[in-house]
RNA sequence: CGGGGUGUAGCGUAGCCCGGUUAUCGCGCAUGGUUUGGGACCAUGAGACCGCAGGUUCGAAUCCUGCCACCCCGACCA
């Protein structure tokens with residue numbers, strides 16, 4: 001197969017596709033908009049799952065599982081929710097097939113469902129319908145449940161990982177006795193996501209809240225983390241919603257409080273998806289391939305033997321396996337690639353494509369010198385490292401790489417976050433440079449919509465750390481108290 | 001849903017406009033040999049109902065009709 005990757009400068013979208021497919025993360029499937037996540041891609045996703053799952057459990061959450069299929073009527077119970085999701089749902093109408101006249105298979109018209117079932121686009125409705133039976137007293141609260149699941153949204157246009165018709169995610173759905181507690185939960189989980197993005201994905205994010213028109217269907221407030229990709233477009237990397245009592249009212253979930261009075265339960269939901277895989281590719285990848293942060297890389301180190309004969313390979317293997325064992329003892333994930341059907345140069349290129357953070361090459365020459373060649377993926381730097389203390393050196397190197405790629409992404413974001421104080425300035429930044437634009441906005445949906453029509457840029461969020469600052473809206477000229485963050489987005 | 005494109009071996013492709021031996025080439029695969037410090041080379045070999053269904057023709061990958069699927073751009077979208 002041709003493993004050449006299109007360069008980012010030539011065609012960014014093509015580069016992204018090439019990387020996803022050629023680095024064996026995922027591939028298109030027989031079904032429109034649906035992808036096959038290949039073992040290497042899934043291994044990264046499993047790492048993400050493992051880390052996030054621990055973070056959820058450390059913050060008091062438990063996992064459960066709710067059905068894939070949801071009765072249609074559930075969706076009409078929360079008005080804005082159905083508005084937001086009805087257009088893009090897959091619907092199950094029949095429950096049986098039969099042999100057709102032409103020898104094929106056809107849907108049995110006799111097997112029509114009384115009530116159609118919707119393949120979940122998100123699970124608020126089925127979960128709140130269930131919570132109704134779980135909650136009677138304030139003593140039953142809070143409910144802190146997460147589920148790992150697949151969802152389906154019939155998107156018109158799809159892109160591998162970034163927007164697929166079916167995707168994998170986790171969705172947390174919590175129920176609380178008070179508004180304050182629910183808001184605290186919403187903010188706490190946003191913090192968990194930001195922590196995960198920055199310390200594991202090495203992806204700097206802006207924490208903020210969505211404006212009314214970008215809000216989740218059914219939420220009172222949508223918090224988000226926003227990241228900047230290398231082409232200057234923003235990517236929403238995670239969301240945490242304060243749902244108020246909307247779903248409790250829609251599904252009649254009441255409890256008796258300490259004073260013996262009935263009240264509706266307060267809700268949150270929060271999620272991140274396989275879209276994070278796309279973020280990982282676009283934030284750190286280069287023209288040679290993926291650059292994986294060591295904390296998430298399925299293999300943090302690959303050892304490539306260099307030899308002329310099988311006897312020589314055997315000698316090198318003894319040393320390589322010792323190194324592997326030492327690295328393993330420091331919890332470093334190592335792959336020793338002793339395949340004889342590929343040459344070293346081929347392996348080097350392959351592991352660069354796949355983004356393995358550190359490569360160790362060992363030949364007879366190295367064994368004589370009691371050292372190995374160590375190469376780091378992020379900078380391409382190669383160095384001779386003495387065999388003594390190799391494991392601790394590599395461990396430090398992995399930490400350093402994790403920091404370096406985070407800082408590189410952070411610098412990029414800082415360099416591409418600009419203030420605009422006039423409409424001309426605003427437009428020229430978006431057209432010529434891209435990135436985040438920090439600007440004043442009058443707070444109305446109408447203005448936000450107009451700006452979107454004119455520039456394709458949307459308000460990504462109102463940053464949580466935004467300072468109060470009097471100014472005037474870049475479009476309408478009306479007064480504004482703080483800047484918000486605009487960008488073109490995925 | 002509009003615009004564009006593609007469909008030939010596991011992958012990438014030539015051939016199609018202008019119908020005519022056994023469908024081209026590369027990668028990969030198998031076997032043997034030489035190799036191995038940045039994507040090795042030689043030899044031999046296997047592998048294809050040319051997206052599907054009709055039609056025209058002595059003859060269709062090629063021309064005609066219909067259908068299907070996927071990709072890209074746009075609109076849409078937590």
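The values are calculated or read from the model by the stated rules, or taken from the named source; none is laboratory data. These numbers come from a predicted model, not from an experiment. Because the Cβ atoms are built from the backbone with ideal geometry, glycine has one as well, and the counts that use them run over all protein chains shown.
Within region A:321-340, restricting attention to residues that are within 12 Å of RNA strand B (Cβ to nearest atom) and under 36 Å from the mean Cα position of the chain (by Cα), which residue is surrounded by the fewest Cβ atoms within 10 Å (Cβ to Cβ)? Don't jump to the end; show me each part of the working.
First, pick out the residues of region A:321-340 that are within 12 Å of RNA strand B (Cβ to nearest atom): A:337-340.
Those left that are additionally under 36 Å from the mean Cα position of the chain (by Cα): A:337-339.
Working: A:337: 17, A:338: 15, A:339: 11.
Only one residue fits best here, namely A:339.
Does residue A:94 fit the bill of being more than 30 Å from residue A:288 (Cβ to Cβ) and modelled with pLDDT of 90 or more?
Values: more than 30 Å from residue A:288 (Cβ to Cβ): yes; modelled with pLDDT of 90 or more: yes.
Criteria met by residue A:94.
Return a yes/no flag: does region A:397-408 have any residue that is out of contact with any strand residue (DSSP E or B) (no Cβ under 8 Å at 6 or more places or on another chain), in a loop (DSSP other than H, G, I, E, B), in contact (Cβ under 8 Å) with a residue 24 or more places away in the chain and surrounded by 12 or more Cβ atoms within 10 Å (Cβ to Cβ).
Within region A:397-408, none of the residues are out of contact with any strand residue (DSSP E or B) (no Cβ under 8 Å at 6 or more places or on another chain), in a loop (DSSP other than H, G, I, E, B), in contact (Cβ under 8 Å) with a residue 24 or more places away in the chain and surrounded by 12 or more Cβ atoms within 10 Å (Cβ to Cβ).
Step by step: first the residues of region A:171-193, then only those that are more than 16 Å from RNA strand B (Cβ to nearest atom) and farther than 16 Å from residue A:143 by Cα, then the one that is surrounded by the fewest Cβ atoms within 10 Å (Cβ to Cβ). Which residue is that?
A:191
I'd like to verify a number: residues in region A:250-281 that are in a strand (DSSP E or B) and within 16 Å of RNA strand B (Cβ to nearest atom), how many?
Summing the residues that are in a strand (DSSP E or B) and within 16 Å of RNA strand B (Cβ to nearest atom) in region A:250-281 gives 7.
Working only within region A:453-490, note down all residues that are out of contact with any helix residue (DSSP H, G or I) (no Cβ under 9 Å at 6 or more places or on another chain) and assigned to a helix (DSSP H, G or I).
Result: A:453, single match.
Taking the residues in region A:353-369 that are closer than 20 Å to residue A:309 by Cα and not in a helix (DSSP H, G or I) as candidates, determine which candidate is nearest to RNA strand B (Cβ to nearest atom).
If we take residues in region A:353-369 being closer than 20 Å to residue A:309 by Cα and not in a helix (DSSP H, G or I), then A:363 is nearest to RNA strand B (Cβ to nearest atom).
Within region A:163-199, can you find the residues that are at pLDDT below 95 and assigned to a loop (DSSP other than H, G, I, E, B)?
Answer for region A:163-199, where residues must be at pLDDT below 95 and assigned to a loop (DSSP other than H, G, I, E, B): A:164, A:165.
If I filter region A:148-159 down to residues being out of contact with any strand residue (DSSP E or B) (no Cβ under 6 Å at 6 or more places or on another chain) and over 18 Å from residue A:92 (Cα atoms), which single residue comes out as surrounded by the fewest Cβ atoms within 10 Å (Cβ to Cβ)?
A:157
Looking at (1) under 26 Å from residue A:219 (Cβ atoms); (2) modelled with pLDDT under 90, can you tell me which one residue A:65 breaks?
Unmet for residue A:65, out of (1) under 26 Å from residue A:219 (Cβ atoms); (2) modelled with pLDDT under 90: (2).
Out of curiosity, is residue A:7 in contact (Cβ under 8 Å) with a residue 40 or more places away in the chain and within 14 Å of RNA strand B (Cβ to nearest atom)?
Details: in contact (Cβ under 8 Å) with a residue 40 or more places away in the chain: yes; within 14 Å of RNA strand B (Cβ to nearest atom): yes.
Judged against the criteria, residue A:7 is a match.
Does any residue in region A:373-384 that is under 15 Å from residue A:355 (Cα atoms) and in the same structural domain as residue A:357 (by TED's automatic domain parsing) come within less than 6 Å, Cβ to Cβ, of a residue that is more than 10 Å from RNA strand B (Cβ to nearest atom) and outside any strand (DSSP E or B) six or more places away or on a different chain, and which pairs are these?
So the pair list comes out as A:376/A:401; A:377/A:291; A:377/A:357; A:378/A:291; A:378/A:401; A:378/A:404; A:378/A:405.
Going through region A:333-352 one residue at a time, which ones are within 13 Å of residue A:301 (Cβ to Cβ), in contact with a helix residue (DSSP H, G or I) (Cβ under 7 Å, 6 or more places away or on another chain) and part of a loop (DSSP other than H, G, I, E, B)?
A:337
Among the residues of region A:417-447, write down those that are over 21 Å from residue A:465 (Cβ atoms) and in contact (Cβ under 8 Å) with a residue 60 or more places away in the chain.
Residues satisfying the conditions are A:426, A:433, A:434, A:445.
Can you find, within region A:144-161, the residue that is farthest from residue A:282 (Cα to Cα) among those that are more than 9 Å from RNA strand B (Cβ to nearest atom) and touching a helix residue (DSSP H, G or I) at 6+ places or on another chain (Cβ under 7 Å)?
Applying the filter and picking the extreme gives A:146.
I need a count of the residues in region A:84-143 that are assigned to a strand (DSSP E or B) and in contact with a strand residue (DSSP E or B) (Cβ under 7 Å, 6 or more places away or on another chain).
19
If only one of A:58, A:53 is free of Cβ contacts under 8 Å to residues at least 40 places away in the same chain and more than 16 Å from RNA strand B (Cβ to nearest atom), which one is it?
Among A:58, A:53, only A:58 is free of Cβ contacts under 8 Å to residues at least 40 places away in the same chain and more than 16 Å from RNA strand B (Cβ to nearest atom).
Any idea which of A:377, A:418 is crowded, with 19+ Cβ neighbours inside 10 Å and touching a strand residue (DSSP E or B) at 6+ places or on another chain (Cβ under 9 Å)?
Criteria check complete, one pass: A:377.
Pairs, please: C-beta under 9 Å, at least 6 apart or cross-chain, first residue assigned by TED's automatic domain parsing to the domain that holds residue A:280 and in region A:351-371, second more than 8 Å from RNA strand B (Cβ to nearest atom)?
Hits for this filter: zero, empty list.
Looking at (1) in contact (Cβ under 8 Å) with a residue 40 or more places away in the chain; (2) near RNA strand B (Cβ under 8 Å from one of its atoms); (3) in a strand (DSSP E or B), which one does residue A:216 not meet, given that it meets all the others?
(3)
Scan region A:72-81 for residues that are closer than 15 Å to residue A:116 by Cβ and in contact with a helix residue (DSSP H, G or I) (Cβ under 8 Å, 6 or more places away or on another chain) and report the count.
Going residue by residue through region A:72-81, those that are closer than 15 Å to residue A:116 by Cβ are A:72-76.
From what is left, the residues that are in contact with a helix residue (DSSP H, G or I) (Cβ under 8 Å, 6 or more places away or on another chain) are A:74-76.
Final tally of qualifying residues: 3.
Taking the conditions exactly as written (surrounded by fewer than 16 Cβ atoms within 10 Å (Cβ to Cβ), in a helix (DSSP H, G or I) and near RNA strand B (Cβ under 7 Å from one of its atoms)), does residue A:30 satisfy them or not?
no
Going through region A:84-109 one residue at a time, which ones are within 13 Å of RNA strand B (Cβ to nearest atom) and closer than 26 Å to residue A:146 by Cβ?
Those that are within 13 Å of RNA strand B (Cβ to nearest atom) and closer than 26 Å to residue A:146 by Cβ: A:84, A:85, A:86, A:88, A:89, A:90.
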